[in-house]
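In what follows, a single structure is set out as structure tokens and then discussed.
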């Protein structure tokens, strides 16, 4: 797990996507503050179950993520990165996309921190589109 990724957020989303595809209900990912913020929003909006931080002396901090309960389907059917390191996507508040007519979620990085697209739109804040979840 010491291999570093050029886009850690995309790596996290891929680990979640892969775990869902093979019906795993838990996944372990490297720790960072922005990942914790994104996962908090996903847990708050009932796309994920829970998370906890594990401190491994040899590796560092890790996040143990519970996607769903045993023998239940995941709430996520699609999760993808919008803004990439090679091509950042910024939008004003009026142009924040709605995912699946409001049933999905877009996470946006604003001047007041990470938040859902709906919350950013209500506060009239634009920013960088991080990812979309459905």
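Could you please let me know if residue 7 is out of contact with any helix residue (DSSP H, G or I) (no Cβ under 9 Å at 6 or more places or on another chain) and either within 27 Å of residue 86 (Cβ to Cβ) or in contact (Cβ under 8 Å) with a residue 60 or more places away in the chain (or both)? Spelling it out, residue 7 is indeed out of contact with any helix residue (DSSP H, G or I) (no Cβ under 9 Å at 6 or more places or on another chain) and either within 27 Å of residue 86 (Cβ to Cβ) or in contact (Cβ under 8 Å) with a residue 60 or more places away in the chain (or both). Filtering segment 37-51 down to residues that are touching a residue at least 12 places away in the same chain (Cβ under 8 Å) and assigned to a helix (DSSP H, G or I), which residue is surrounded by the most Cβ atoms within 10 Å (Cβ to Cβ)? Checking each candidate, the answer is 42. Among the residues of segment 5-17, those identified as out of contact with any strand residue (DSSP E or B) (no Cβ under 7 Å at 6 or more places or on another chain) and assigned to a loop (DSSP other than H, G, I, E, B) are 5, 6. Restricting 20, 34 to residues that are part of a helix (DSSP H, G or I) and exposed (fewer than 15 other Cβ atoms within 10 Å of the Cβ) narrows the list to 34.
The residue of segment 83-106 that is surrounded by the most Cβ atoms within 10 Å (Cβ to Cβ), among those that are touching a helix residue (DSSP H, G or I) at 6+ places or on another chain (Cβ under 6 Å) and under 25 Å from residue 48 (Cβ atoms), is 106.
Note on segment 90-115: residues that are at pLDDT 95 or above and under 27 Å from residue 19 (Cα atoms) total 6. When each of 84, 101 is tested for being touching a residue at least 60 places away in the same chain (Cβ under 8 Å) and out of contact with any strand residue (DSSP E or B) (no Cβ under 9 Å at 6 or more places or on another chain), the lone residue that passes is 84.
The values are calculated or read from the model by the stated rules, or taken from the named source; none is laboratory data. Remember, predicted model here, so these are calculated numbers, not experimental data. We place every Cβ from the backbone using ideal geometry, glycine too, and count neighbours over all the protein chains shown.
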